[in-house]
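I have placed the structure first, in the form of C-alpha cells, so that the comments after it can refer back to it.
Throughout, read-outs are computed from the coordinates displayed, never taken from laboratory work. Because the structure is a prediction, the values reported are computed rather than measured. With ideal geometry, Cβ positions are generated from the backbone for all residues, glycine too; neighbour counts draw on all protein chains shown.
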Amino acid sequence: MNKQISFKLNGRQVSASVSPGESLLDVLRNRFHLGGARETCALGLCGVCTVIVSGNPVSSCLYMAPAADGEEIVTIEGLETEDALHPVQEAFMEHTAFQCGYCTPGMILMAKKLLEENPDPSEDEIKEFMSGNICRCASYGQIIQAIQAASQMIQADRMEGAH
Ligand code: FES
Ligand code: FES
C-alpha cells in the first residue's frame, strides 16, 4: 500500500505518495525530475546515487522512499545559491575534476560532507573518505586536487568572515 510522505527537498517542503519498495532515487528522478543522482550498481557500491539525508550522505538506490518522511534532503541541484556555486562545485570546475561527469554529483556531495567534518583533510583522508565513490573515467587525481582547493577556499572564506 502506498504511503504519503512529506519531506524537505532542497529547502522546499514537498510530498509524494510512495510504495514500500520504491527507492528514494526513483522518487527523486521520476517524481521530482532531479536527474543529478544516477543509478549504476543499485547495490550501494558506486556512489553515483549519493544524496544528503538530514546531513548524512546516503546511497539513494538503497534508501527506501518511505524512510524519507520528515527528513531533509539535499541533492546536487540544491547546492548552489542564487548567485554562487558551492565552493566544491567551483573547485571541480576549476580543476576539471571530471571527464564524462557521470560520477560528479555524488563526488561533490560526498566531498562537501568530508569538508564539513574535516575542513583540512590530508590526501590519505580524502582517499579514505571518498573510497565509496567510483569514477569510471579515473579522474581521481583531479578530484583530489579539487577537494584540496575547495578546502582552501572554504577556510579562506571562514577567515574573511571572522574579520
Ligand atoms: S547506484 Fe547506488 S551505489 Fe551504485
Ligand atoms: S568523470 Fe566519468 S565516471 Fe567520473
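Using only Cα atoms, tell me the angle between helix 104-117 and the longest principal axis of the chain; keep it within 0 to 90° and round to the nearest 10. Approximately 70 degrees, to the nearest ten.
Charging the Cβ of each Asp and Glu at -1 and of each Lys and Arg at +1, and nothing else, the dipole of the range 87-162 about its Cα centre rounds to 340 debye. Normalised by the number of residues in the range 87-162, the average gap of Cα pairs under 8 Å and 6 or more apart makes the relative contact order 49 percent. With a Förster radius of 25 Å applied to the beta-carbon distance between LYS8 and GLU116, the computed FRET efficiency rounds to 0.90.
Cross-link partners of LYS127 among lysines, defined as those whose alpha carbon lies under 30 angstrom from its own and excluding same-chain residues fewer than eight positions apart: LYS112, LYS113. Given their separation in residues at 0.36 nm each and the Cα-Cα distance between them, SER15 and ARG136 gain 40.1 nm when the chain is fully extended. Net charge in the neighbourhood of GLY106 (other residues with Cβ under 15 Å of its Cβ; Lys, Arg +1, Asp, Glu -1) is +3.
Calculate how large, on average over all directions, the projected area of the Cα convex hull of the chain is; give the answer in nm² to one decimal.
On the way: hull surface 39.1 nm².
Answer in nm², one decimal: 9.8.
What net charge is computed for the residues neighbouring ALA37, neighbours being all others with C-beta under 11 Å from the C-beta of ALA37, Lys and Arg scored +1, Asp and Glu -1?
Numbers: positive: ARG29, ARG38; negative: ASP26, GLU39, GLU77.
Summing Lys/Arg as +1 and Asp/Glu as -1 gives -1.
Can you tell me, using C-alpha contacts under 8 Å and at least 6 residues apart, the relative contact order of the range 3-78 as a whole percent? Mind showing how you got there, number by number?
Working: 149 pairs, mean separation 30.9, N = 76.
Relative contact order here is 41 percent.
Starting from 0 in steps of 10 Å, tell me what percent of the Cα-Cα pairs of the range 3-78 lands in each bin. Taking all Cα pairs of the range 3-78, the binned fractions are 22, 61, 17 percent.
Helix-only estimate, please: 222 nm mean residue ellipticity of the chain, summing -39500 (n - 2.57) across DSSP H runs of length 4 or more and dividing by its residues, to the nearest 500.
On the way: 4 runs with 52 residues, N = 163.
After summing the helix terms and dividing by residue count, I get -10000 deg cm²/dmol.
Note on GLU123 and THR40: their simple-model spin labels are 2.3 nm apart, each label 7 Å out from Cα toward Cβ. Give, in nm to one decimal, the length gained when the segment between GLU80 and ARG31 is fully stretched (0.36 nm per residue of separation minus the Cα-Cα distance). Stretched fully, the GLU80-ARG31 segment lengthens by 15.5 nm. Give the residues of the range 124-148 whose amide nitrogen is closer than 20 Å to a point set 7 Å from the Cα of CYS100 in the direction of its Cβ. It comes to 131-144, nothing else.
In the chain, the longest principal axis of the Cα atoms and the axis of helix 140-162 are about 80 degrees apart.
Taking trypsin sites (Lys or Arg not before Pro) across the range 113-163, the ones in a DSSP loop with at most 14 further Cβ atoms lying within 10 angstrom of their Cβ are ARG136.
Measuring nothing but how far apart in sequence close Cα pairs (under 8 Å, 6+ apart) lie, relative to its length, the chain scores a relative contact order of 23 percent.
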